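Notes follow once the structure below has been shown.
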Amino acid sequence: MKPLIVANWKMNPVDSSDAAKLFGRVANEISSQKHIEVVLCPPFPFIFQLIAHEPDIHIGAQDCFWEQEGAFTGEVSPVMLKALGCSHVILGHSERKKYLFETAEMINKKLKAVLQAGLTPVVCIGEHVEQEMKEVLGDVDNTSNIVLVYEPEWAISTSENAPRPATPQDCKEAIEKMRSILDVPILYGGSVVSTNIARFIKEGGASGALVGSASLDAQEFIALVKEADSA
Ligand code: PGA
């Protein structure tokens, strides 16, 4: 399987012309990388504009709701994202658990809605790997299209408590445990940069990475993708 790099822009950049610039620079370079799959996940308001601009680049959303339509103020449906041309949706990111109190039950419902809409879910799993996987994946029938992420909260570059990346060994242990429960692509997320991505893939056993901060710097992100491509 080709390594998968998912860029999570989070709530950045604020300005749509900056989003278009970042997207344009990255899209231009990554379209020539044939041995790697890259998915860019911009904030919702930019998705339409960016997909129209460069339809060959895979675009994902950072979240969605668990119903497809109806009276759910402020929410975005998986079928809307599919119709827009999105391919992936990140679910259960640790920031959503922390700031919006997302529970495993909510993530489980979102996961089923995303699969039903024909999108690929990129499901984040934190420190309590077995427990979280059981709760989130429990009653999901068809798990073959799922991508998982080992995303320890303490390793996120913007976390308040002295962030540090997991070591490739930390990553390996968690990923092996996860893979013994469900054998699907498993990414690592937490302070991934161009100088450590290759080790997470080669020594850590990761199928790729979920990249936050480093995906906002075009030059750094392009370097990261090239490193992953040759890892
Ligand atoms: P980071 O974010 O790359 O900025 O650490 C990763 C994540 O939020 O999963």
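The values are calculated or read from the model by the stated rules, or taken from the named source; none is laboratory data. Predicted model only: the values in this text are computed from it and were never measured. A quick note on method: Cβ atoms are made from the backbone with ideal geometry, for glycine too, and the neighbour counts reach across all protein chains shown.
The single residue among 180, 207, 213 that is of a type in the set (S, T, N, Q), within 18 Å of the chain's Cα centre (by Cα) and closer than 25 Å to residue 130 by Cα turns out to be 207.
Filter the stretch 50-87 for residues that are touching a Leu at 6+ places or on another chain (Cβ under 8 Å) and outside any strand (DSSP E or B) and give the result. Across the stretch 50-87, the qualifying residues are 50, 51, 57, 63, 64, 78, 81, 82, 86, 87. Of everything in the stretch 7-33 that is part of a loop (DSSP other than H, G, I, E, B) and in contact (Cβ under 8 Å) with a residue 60 or more places away in the chain, the residue that is farthest from residue 91 (Cα to Cα) is 33.
Note on the stretch 88-127: residues that are surrounded by fewer than 17 Cβ atoms within 10 Å (Cβ to Cβ) and in a loop (DSSP other than H, G, I, E, B) total 4.
Looking at the stretch 128-227, none of the strands (runs of 3 or more DSSP E) lying wholly inside it contains 1 or more residues that are buried (at least 23 other Cβ atoms within 10 Å of the Cβ) and more than 16 Å from the ligand (Cβ to nearest atom). Based on this model, can you work out whether residue 37 counts as closer than 19 Å to residue 212 by Cβ and either at pLDDT below 95 or touching a Leu at 6+ places or on another chain (Cβ under 7 Å) (or both)? It is true that residue 37 is closer than 19 Å to residue 212 by Cβ and either at pLDDT below 95 or touching a Leu at 6+ places or on another chain (Cβ under 7 Å) (or both).
Apart from one condition, residue 117 fits all of (1) within 16 Å of the ligand (Cβ to nearest atom); (2) at pLDDT 95 or above; (3) under 23 Å from residue 60 (Cα atoms); (4) small (Gly, Ala, Ser); the exception is (1). Once the stretch 89-114 is narrowed to residues that are away from the ligand (no atom under 14 Å from the Cβ) and among the basic types (Lys, Arg), the residue that is nearest to residue 61 (Cα to Cα) is 110.
Quick grid of which residues meet (1) out of contact with any Gly (no Cβ under 8 Å at 6 or more places or on another chain); (2) of a type outside the set (D, E, K, R):
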{"site": "124", "(1), (2)": "no, yes"}
{"site": "144", "(1), (2)": "yes, yes"}
{"site": "153", "(1), (2)": "no, no"}
{"site": "165", "(1), (2)": "no, yes"}
{"site": "177", "(1), (2)": "yes, no"}
{"site": "198", "(1), (2)": "yes, yes"}
{"site": "206", "(1), (2)": "yes, yes"}
{"site": "216", "(1), (2)": "yes, yes"}
{"site": "222", "(1), (2)": "yes, yes"}
